[in-house]
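K.L.:
Take a look at this one; I'll ask things after.
The values are calculated or read from the model by the stated rules, or taken from the named source; none is laboratory data. Just so it is clear, the structure is predicted and the values come from calculations on it, not from any experiment. Cβ sites come from the backbone with ideal geometry, for glycine too, and all protein chains shown count toward neighbours.
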């Protein structure tokens, strides 16, 4: 199997696993972590293509994505903490009355 | 099979095993540890690819900052939460079916052979004048990063400052109603 194909398959598998995790798990923090797994899968494909094209811009883009992901987590976790403080649970089934 | 591709398969299997463990582990701390293992395996893959900078970023930013934050939050929380004992919600079967379907569709799209004659490869990839991946070593990459992309680098600090302010605002705004 070609190396690029192997890494692409791994990236697809990680993305799908993360998506399944977001859909089936009940714990809000675990769902956040599964979203991180999805992001990691996408970053893997980006790095693979950037390395193959020998392009520095791809690596810079990955760095920027890392920074955005860190900022996202820094805001998402306080929101989850506030939700859990208000409803006394992390179970997303308890938040089912949250509708846009 | 040389050592490099053996290590690549090993790290790929590690990343995949971490992802599967995240789905089946019950306690969020185990999920976090599985995710950390998966991320470290990905850092190993990046190092094998020669993209050393990304491997360092992955360990420093993801494992070092994001996941340590996550582990602290898990330690803050109640262990008797009902979502710890009943780990799956109502969407278990449709979620699994959808995920499997997505993986199959994406996998078919990715592995379907592309006619090499029709692929336009960038000039840098076809002309391998230097060792492939040499521009991703720490020293040449840092020089180019700060020479060409310094504005983006500085803008990330603005973004991080905005994130800090937003996090503080979320916490303060949540406290105001109950005094």
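K.L.:
Residue B:6 versus (1) in contact with a helix residue (DSSP H, G or I) (Cβ under 7 Å, 6 or more places away or on another chain); (2) assigned to a helix (DSSP H, G or I); (3) surrounded by fewer than 18 Cβ atoms within 10 Å (Cβ to Cβ): which is the lone unmet condition?
P.N.:
(1)
K.L.:
What number goes with the only condition from (1) modelled with pLDDT under 65; (2) closer than 30 Å to residue A:13 by Cβ; (3) assigned to a helix (DSSP H, G or I) that residue B:141 does not pass?
P.N.:
The failed condition is (1).
K.L.:
Can you pull out the helices (runs of 4 or more DSSP H) entirely within chain A that have at least 1 residues that are within 7 Å of chain B (Cβ to nearest Cβ), crowded, with 19+ Cβ neighbours inside 10 Å and in contact with a strand residue (DSSP E or B) (Cβ under 8 Å, 6 or more places away or on another chain)?
P.N.:
Where helices (runs of 4 or more DSSP H) fall fully within chain A and carry at least 1 residues being within 7 Å of chain B (Cβ to nearest Cβ), crowded, with 19+ Cβ neighbours inside 10 Å and in contact with a strand residue (DSSP E or B) (Cβ under 8 Å, 6 or more places away or on another chain), they are A:3-24, A:28-53.
K.L.:
Further question: Tell me the residue from B:35, B:96 that is in contact (Cβ under 8 Å) with a residue 24 or more places away in the chain and either part of a helix (DSSP H, G or I) or under 19 Å from the mean Cα position of the chain (by Cα) (or both), please.
P.N.:
Just one listed residue meets the conditions, B:35.
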